[in-house]
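**Student:** I have a structure I would like to understand better, so I am pasting it below and will then ask my questions one at a time.
The values are calculated or read from the model by the stated rules, or taken from the named source; none is laboratory data. Because the structure is predicted, anything quoted here is derived from the model rather than measured. No Cβ is skipped: glycine too gets one built from the backbone with ideal geometry, and neighbour counts run over all protein chains shown. Accessible surface areas use protein heavy atoms only, side chains included; no ligands, DNA or RNA. Shrake-Rupley method; radii C 1.70, N 1.55, O 1.52, S 1.80 Å.
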Amino acid sequence: MIDIKIVRNNPEVIEEALKNRNVDPTLLEEVLKIDVERRKVIAAADKKKAERNAISSNIAKLMSEGKKNEAQALKDKAKKISQEVKELNQKAGELDELLRAKLLYIPNIPHSSVPIGSDENDNIVVRKWGKPRSFDFEPKPHWELGVQSEQMDFDRAAKLSGSRFVVLRSQLAKLERALINFMLDLHTTEHGYQEVSLPHLVKRETMLSTGQLPKFEEEAYKTEPDDLFLIPTAEVPLVGQHRDEILEFNSLPRKYTAYTPCYRREAGSYGRDVKGMIRVHQFDKVELVWFTHPESSYDTLETLTANAEEVLKRLKLPYRVVSLCSGDLGFAAAKTYDLEVWLPSYNTYREISSCSNVEDFQARRGNIRFRDRDNKLKFVHTLNGSGLAVGRTLVAIVENYQLPDGRIQVPEVLIPYMGLEVIA
RNA sequence: GGAGGCGUAUCCUAAUUGGCUAAGGAGCCGGUCUUGAAAACCGGUGGGGUGAAGGCCCCGUGUGGGUUCGAGUCCCACCGCCUCCGCCA
């Protein structure tokens, strides 16, 4: 959530942020209008309350002196004021709620280093690693390779659950498991993250604090009658863990990694990536999340991104790092690097990880604070990144490591996890 | 699902015939003292409104209502945690 004080004192900052994100700026005007009205009502209510409090203490004094008649006169007066207070209070409460509801729909302010642009075409390639392999045969897309070996089963998945699901078998099922273990081992033993095993169903408030709600409710799977949501990413419970907490200064930064399935309705993506397992309703992901001091969060973004990149480097998968432009930035993010892996079937780079600094946007919504050196309570900064999306990593391996006969060579670092060198 | 208990500030813990400022302790921050530190002592340590500022004011005892001039305290509903019983991988 955006700080109302920034909205109030520097509306031009928000206005520019909304403009750069291609978001309708009328939202800002509404917020400002409500805020002015709200403060007016609060000031009026406070004045009445002060008046009533003064009378109340007079009544107490008179009562103790036994002057009942005088006290009664004041009581009548106070009762009237109390009625006025009640009305003003109610009005203030309504405006407060209205303001909060509007604020929850305002996206984060892009960081000054974020390139200004309208869509993904304006993203900037920061660096590239590795060279796309040149095949001396015609490479096949993963869905052909997988179906051919009967280890990727889209028909049965559709029978079970409909479109955009996949069933994996045998060595590909094992490859998925191997990737999860490889990623978790790397992040815990070499990058210093704490592994966490988490609930996959979370409350509405949890989704709200990370920014998935209220704006993107149609993207989430919701359960009835409990109003629990299936997580679209482990970021949600990882960040939500510390909701309404005050973290020790010395416990920061906190670094967590978690493997979870991710559930996404993919509403509005009909017709995109319909073949294969690039875009499915359920996929595995190993997530990285940091809680940091505000002053170090941008250094952390570089570290976090490097941690995710390390997975691709060890798997020897060619990739590039892209800095998302303002128009392509996610709702909660102040700055995002996407990692894109080379996919022969698409003949291009496709997103496999997204690493973001959301600054205090989620901390403000979730009330996650720490006590600073000056003893003041402040909001932490949170960062998240995929390290990596397991399904897409599997796709990348299948396509990039394919052999002319359709078998898949196992990347060297995965051989200990797979117990074999080639997937037949 | 049934029964009972408990929710107070960063933490621990008080406060019932409803009434001045939610007492006390710990931690932390700042200050005094000291060669330095410790101890001791003093002040501060949630949110909001208003003001150029000193300041002034309002709210805050799980949440939301109610009674009352006035609620930590009385009433109602809800939420969370704990214990026991039942069911259960």
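**Student:** Quick one: accessible area per residue over chain A, 1.4 Å probe, rounded to a whole number of Å²?
**Tutor:** Accessible area per residue: 49 Å².
**Student:** Then there's this: Give the long-range amide H neighbours of A:V410: residues separated by 5 or more places, or on another chain, with amide H under 5 Å away, using H modelled in the peptide plane at 1.01 Å from N.
**Tutor:** Distant-sequence amide H within range of A:V410: A:V422, A:I423.
**Student:** Whole-Hz Karplus ³J(HN,Hα) for region A:381-388, in order, using 6.51 cos²θ - 1.76 cosθ + 1.60 and θ = phi - 60°, x for Gly and Pro?
**Tutor:** In residue order, the calculated couplings are 9, 10, 9, 9, x, 7, x, 10 Hz.
**Student:** Now, a different point. Work out the FRET efficiency for A:E70 and A:E97 from their Cβ-Cβ distance, taking R0 = 51 Å, and round it to the nearest 0.05.
**Tutor:** That pair, A:E70 with A:E97, gives E of 0.80.
**Student:** So if I place +1 on the C-beta of Lys and Arg and -1 on the C-beta of Asp and Glu, and nothing else carries charge, what would the dipole magnitude of region A:120-423 be about its Cα centre? I want it in debye, nearest 20.
**Tutor:** For this selection, approximately 40 debye.
**Student:** What number, rounded to the nearest 500 deg cm²/dmol, is the helix-based mean residue ellipticity at 222 nm of chain A, given -39500 (n - 2.57) per DSSP H run of at least four residues and division by all its residues?
**Tutor:** Counting only the DSSP helices, I get -13000 deg cm²/dmol.
**Student:** Turning to a different aspect of this structure: What ³J(HN,Hα) values, in whole Hz, does the Karplus curve 6.51 cos²θ - 1.76 cosθ + 1.60 give for region A:116-124 when θ = phi - 60°, with x put for Gly and Pro?
**Tutor:** 7, x, 9, 8, 4, 5, 9, 5, 10
**Student:** Name the residues whose placed amide hydrogens come within less than 5 Å of the amide hydrogen of A:S354, ignoring near sequence neighbours (fewer than 5 apart) on the same chain.
**Tutor:** Placed amide hydrogens put A:L339, A:S386 under 5 Å from A:S354.
**Student:** Work out from phi, with θ = phi - 60° and the Karplus expression 6.51 cos²θ - 1.76 cosθ + 1.60, the ³J(HN,Hα) of each residue of region A:210-223, listed in order in whole Hz, and give x for Gly and Pro.
**Tutor:** 8, x, 6, 10, x, 6, 10, 4, 6, 8, 9, 8, 10, 9
**Student:** To make sure I understand the rule: partners must be lysines, Cα under 18 Å from the Cα of A:K80, and not fewer than 8 residues away in the same chain. Which ones qualify?
**Tutor:** Leaving aside lysines fewer than 8 places away in the same chain, those within reach of A:K80 are A:K47, A:K48, A:K49, A:K91.
**Student:** Still on this structure: What is the local net charge at A:H187, summed over the other residues whose Cβ is closer than 11 Å to its Cβ (Lys, Arg +1; Asp, Glu -1)?
**Tutor:** Once positives and negatives cancel, what remains is -4.
**Student:** Now, a different point. Under 5 Å between amide H atoms, partner at least 5 residues away or on a different chain: which partners does A:T260 have, H built in plane at 1.01 Å?
**Tutor:** Excluding prolines and chain starts, which carry no amide H, the hits are A:K285, A:E287.
**Student:** Sticking with this structure for a sec: Within 11 Å, Cβ to Cβ, of A:E176, how many net charges do the neighbouring residues add up to if Lys/Arg are +1 and Asp/Glu are -1?
**Tutor:** Working: positive: A:R169, A:K174, A:R177; negative: A:D284.
Surrounding charge for A:E176 is +2.
**Student:** What is the Cα centroid distance between region A:34-80 and region A:128-163, reported in whole angstrom?
**Tutor:** Between the Cα centre of region A:34-80 and that of region A:128-163, the gap is 74 Å.
**Student:** Exactly which GluC sites (Glu not before Pro) in region A:329-424 are in a DSSP loop and have at most 13 other Cβ atoms within 10 Å?
**Tutor:** Here the sparse-neighbourhood loop sites are A:E421.
**Student:** Now for a separate question. Just in region A:44-144: which GluC sites (Glu not before Pro) are loop by DSSP and have at most 14 other Cβ atoms within 10 Å?
**Tutor:** A:E65
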